[in-house]
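For reference, the structure is listed below as structure tokens.
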Amino acid sequence: MTPVGRPPKTFEELLAVQADAAVALSGADHSCWNGEVGKTRKPADDKVVVLGTATWKHKLRYDDKRVLRALEDMYEHSGVRPSDQKLLWYRNALKSVLHENSHLLARHGTTFRDAREAYRNHAVHALEEGVAEAYSVRHLDDYIDELGLEEVAPGLKDLAGRSTYPKYAPAALHLADQLGAATGLDTNEVLRRLTVVNPAEKWPVVADLVLEANQLHEVVPSAELPAAKARIVTAMQSHFAGLTTLKGELAEVRGSSAEAGRQAFAAGQAVAGEIGRRFAPPQTMSKEIAAATTGISPLRTLRPLPPGSTADPDRRPVHESPRIAGPERG
């Protein structure tokens, strides 16, 4: 069942309910979308493809050919199973729609715009884009179901589509995998918790999960918690900050990104261990703290991701090099 009570019957109706469907799917408090949709601006570099942007004014912009025209075509042929090529066109367009809408989800009393200054931090940028992409890839079929779009394009869920952001998505997914294992949460639940807050609040949520994984909320005095969280965030962010400059073959970039996620988790665990030793008697320290890695070195080499790794959200190679498809600059 969709937010409007039925599948959107036209392209215009789809755009009208895109944000409501993202809220319903994620359980977020609200979307900051202002109701406006436009076309992405052509970048100076012709080799760069900008599939979509969520602006600081809470407007959504999409690439005309790859997103808007694809969805218009889907409705022009509604109810008829299209070719596999067209199904991929539609599916990739919808993934971009979910990705951009996920940027605009926020906690009660907050907005996406609140994070504008924080977004200048490369680690905040990297986690924001990585989470948006990993969440969108893993939940695209759910989004299609929420909107009832199998009725519009039969077979829409039968094919694997494209994932972008090889610099960021593997790192975010690998971090979510490890946080989930340490806390007993499903990876999807970790990604959901990160998705429903604005970019400035994602790293504090990660720090809370590290504290939870090590039962430190129970032993760290409340007055000391902000400082403890700040230490964890600082240690973990150092491994995401360099993701924006990753270069190399696609497999190498994805592998290096996943390694950064692993190192970030280990760095957080190392700090949790130090905090635990300060506040908790040795017998109460968790296995995670005892096993925490110390002296985590920064990411220096490119390491290919093993085939089939769960830290890889991509289901097929990407042959485009998209620019930041989140907040618009300038």
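Under the condition of being aliphatic (A, V, I, L, M) and crowded, with 24+ Cβ neighbours inside 10 Å, which residue from the range 182-206 is farthest from the chain's Cα centre (by Cα)?
Here the answer is V206.
Going through the range 155-181 one residue at a time, which ones are open to solvent by 20 Å² or more (accessible area, probe 1.4 Å), touching a residue at least 12 places away in the same chain (Cβ under 8 Å) and out of contact with any Leu (no Cβ under 8 Å at 6 or more places or on another chain)?
K157, A160, H174, D177, Q178
Identify the residue in the range 144-164 that is at pLDDT 95 or above and either within 15 Å of the chain's Cα centre (by Cα) or β-branched (V, I, T) (or both) and, among all such residues, is farthest from V49 (Cα to Cα).
Within the range 144-164, the match that is farthest from V49 (Cα to Cα) is V152.
For the range 150-240, list the helices (runs of 4 or more DSSP H) that sit wholly inside it and hold at least 3 residues that are on the phi > 0 side of the Ramachandran plot; which are they? First the steps, then the outcome.
Details: elements: 169-183, 187-195, 199-213, 225-237.
Qualifying helices (runs of 4 or more DSSP H): none found.
With D73, D64 as the choices, which residue is touching a Ser or Thr at 6+ places or on another chain (Cβ under 8 Å), charged (D, E, K, R) and modelled with pLDDT of 95 or more? Talk me through it step by step, then tell me what you get.
Numbers: D73 fails: touching a Ser or Thr at 6+ places or on another chain (Cβ under 8 Å).
Being touching a Ser or Thr at 6+ places or on another chain (Cβ under 8 Å), charged (D, E, K, R) and modelled with pLDDT of 95 or more holds for just one of D73, D64, which is D64.
Quick test for you: out of P298, P317, pick the one residue that is within 15 Å of A126 (Cβ to Cβ), at pLDDT below 95 and loosely packed, with under 14 Cβ neighbours inside 10 Å.
Criteria check complete, one pass: P298.
Can you name the residue in the range 69-128 that is more than 24 Å from A24 (Cα to Cα) and among the acidic types (D, E) and is also surrounded by the most Cβ atoms within 10 Å (Cβ to Cβ) among such residues?
Looking at residues that are more than 24 Å from A24 (Cα to Cα) and among the acidic types (D, E), I get D73.
Being without any contact (Cβ under 8 Å) to a residue 40 or more places away in the chain and open to solvent by less than 60 Å² (accessible area, probe 1.4 Å) is the filter here; which residues of the range 17-68 pass it?
Scanning the range 17-68 gives G35, V37, G38, T40, K59, Y62, D63, V67, L68.
Could you tell me how many of the residues in the range 129-151 are open to solvent by 10 Å² or more (accessible area, probe 1.4 Å) and touching a residue at least 24 places away in the same chain (Cβ under 8 Å)?
Residues meeting the conditions: 7.
Kindly indicate whether V50 is at pLDDT below 95 and under 19 Å from the mean Cα position of the chain (by Cα).
Yes.
Among L216, L225, which is in contact with a Phe, Trp or Tyr (Cβ under 8 Å, 6 or more places away or on another chain) and over 17 Å from Y119 (Cα atoms)? Full working, then the answer.
Numbers: L225 fails: in contact with a Phe, Trp or Tyr (Cβ under 8 Å, 6 or more places away or on another chain).
Criteria check complete, one pass: L216.
Which members of the range 39-83 meet the condition of being within 14 Å of E150 (Cα to Cα) and assigned to a helix (DSSP H, G or I)?
Within the range 39-83, L71, M74, Y75 meet the criteria.
The values are calculated or read from the model by the stated rules, or taken from the named source; none is laboratory data. Because the structure is a prediction, the values reported are computed rather than measured. All Cβ positions, even for glycine, are placed from backbone atoms using ideal geometry, and neighbour counts span all protein chains on display. Remember, those area values only see protein heavy atoms, side chains included, never the ligands or the DNA or RNA. Shrake-Rupley method; radii C 1.70, N 1.55, O 1.52, S 1.80 Å.
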